[in-house]
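Only one structure is covered here, and it is reproduced in the block below.
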Amino acid sequence: MPATTRSARRACARDVVFVEGVRTPFGKARPDGLYAETRADDMVVKALRGLLRRVPSLPAERIDEVAIAATTQQGDQGLTLGRSAAVLAGLPRSVPGFAIDRMCAGAMTAVTTTASAIGYGQQDVALAGGVEHMGHHPMGFDADPNPRFVSERLVEPTALIMGATAENIHDRMPHLTKERADAYGVASQAKYAAAVAEGRVAPDIVPIAVRSSTLGWGLADADELARPGTTMADIANLKTPFRPGGRVTAGNASPLTDGAAICLLAAGDTAEELGLPVRMRLVSFAYVGVDPEVMGLGPVPATKRALANAGLTIEDIGLFELNEAFAVQVLAFLDHFGIADDDPRVNPDGGAIAIGHPLASSGVRLMTQLARHFEAHPEVRYGLTSMCIGLGMGGTVIWENPHHAEYAGHTTIENES
């Protein structure tokens, strides 16, 4: 054996920045929807290529990872999506990739997983995102939950039905009334309609070509699901599909959606080296489990932990992008932190109730919108993205605005040495 050994280089923590994010238009998960005859993996590829066109200074060979999430990983959402997308998009064969799943927080987890590798100094640049073609792969389709979940009373039967878990929150918190949930849903539609009219949504979208066997080729360049002009009267008597006489309806819940979203992350020093724009700096993140029967409460403890990790309080957060899987879970979050239902800091351009929620892709949609809000609000230093997650979890990521006067900057390796 050698008398001496060489000391390995110690990994050095680095700041991680959000360079750019895009998404496809979100479509109805129906046989007559935008993407009825479009493959899920093709949606990812088109989003990926659209993203790279926005950052021409990035050499493709500098991409170290492609992480793509999907909740139902089969068919056109199977075959190790990250690597499949990299090859199909024409990236150098040296670029690896993987698939990931944390149900609704798949893309969020793709971001925090690749960001962790970058922050630990093992990678410099990564693509992270998600796709869900719910028209081809309905949530839970072909799943085979272990019977022990119910037979051993590990969870209540309602825990495996997301809409039923939202009804459970209404039960536990009767002050979160159907009227409040409906009013929140109406407001989401109105805010999104205003954002579209004022040109604030189109910059996030990559138009993509779609084909229909009956209509021929077309261009998907706008979301398909919004219902502008919705009123309280319009949704007051909608069906309650998860419980007779329930409170969760199509008016206060996100619709079934097809779509993809992807973003580019980089180490701060790499962004400087390559001249990449910096739209946000990652501050902290957290995932926390809760009772599966009330999975919509997950963002509360996740946000508490993310704030604690960052040494911040909820008062430090100036913008919130909360996934609107169901209005009641957003209301539970707002009530817990003493935030008004109509606080202008929350989902300024509406949310998933209007836009749609293609499960594993929504996390990056939230981040891309927050980055755009940061540019418009340099007075805000910190913002967060948060979402509930099936089977009883929540995830939160806190970001810093580089346009703020007190922006901490993105520390380089040289400065840390």
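What follows is calculated from the coordinates using simple rules that are stated; it is not laboratory data. Worth saying up front: this structure is predicted, and the values here are computed from it rather than measured. Cβ coordinates were reconstructed from backbone atoms using ideal geometry, including for glycine residues, and neighbour counts include every protein chain displayed.
Tabulated data for the structure shown
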item: Highest-fluctuation residue, Ala143, Ala233, Ala327 considered, GNM on the chain with Cα pairs under 10 Å; result: Ala143
item: Antiparallel DSSP beta bridges within the chain, as percent of all bridges there, nearest 5; result: 70
item: In Hz, Karplus ³J(HN,Hα) per residue of segment 324-339 (6.51, -1.76, 1.60; θ = phi - 60°; x = Gly, Pro); result: 8, 4, 9, 4, 4, 6, 5, 4, 4, 4, 4, 4, 4, 9, x, 10
item: 3J(HN,Hα) from dihedral phi, segment 161-169, Karplus parametrisation 6.51/-1.76/1.60, rounded to Hz, x for glycine, proline; result: 10, 4, x, 5, 5, 5, 4, 4, 5
item: Label-point gap, in nm, between Arg30 and Asn146 - each point 7 angstrom along Cα→Cβ; result: 3.9
item: Net charge, Tyr192 excluded, C-beta distance under 15 Å - Lys, Arg +1, Asp, Glu -1; result: -2
item: Cα-centred dipole magnitude for the chain, charges only on beta-carbon of K, R (+1) and D, E (-1), debye, nearest 20; result: 580
item: Nearest 10 degrees, 0 to 90: helix 299-310 Cα axis against the chain principal axis; result: 20
item: Proportion of all alpha-carbon pairs of segment 234-363 beyond 27 Å (%); result: 30
item: Cα-projected label distance for Ser7 with Leu274, points at 7 Å along beta-carbon direction, nm; result: 3.2
item: Ranked list, fewest to most other Cβ atoms within 10 Å of each Cβ, for Phe326, Phe337; result: Phe337, Phe326
item: Rounded tilt (10° steps) of 362-376 against the dominant C-alpha axis of the chain; result: 70
item: 5 angstrom amide H check on Phe98, placed H, neighbours 5+ away; result: Val66, Ala67, Ile68, Gly82, Arg83
item: Cα-only radius of gyration and Dmax that characterise segment 1-115, units Å; result: 17.8, 72
item: From phi via Karplus (6.51, -1.76, 1.60), per-residue ³J(HN,Hα) for segment 185-198 in Hz, x at Gly/Pro; result: x, 4, 5, 4, 4, 5, 5, 5, 4, 5, 5, 5, 4, 8
item: Most mobile listed residue (Gln329, Gln189, Gln74) in the chain, GNM with C-alpha springs under 10 Å; result: Gln74
item: Fully extended contour minus Cα-Cα distance, from Arg172 to Lys239, at 0.36 nm per residue; result: 22.0 nm
item: Spread of Cα-to-Cα distances over 10 Å intervals beginning at zero, given as percent, for segment 52-196; result: 10, 25, 28, 24, 12, 1
item: Evaluated over the chain, the Cα radius of gyration and Dmax, each in Å; result: 21.0, 82
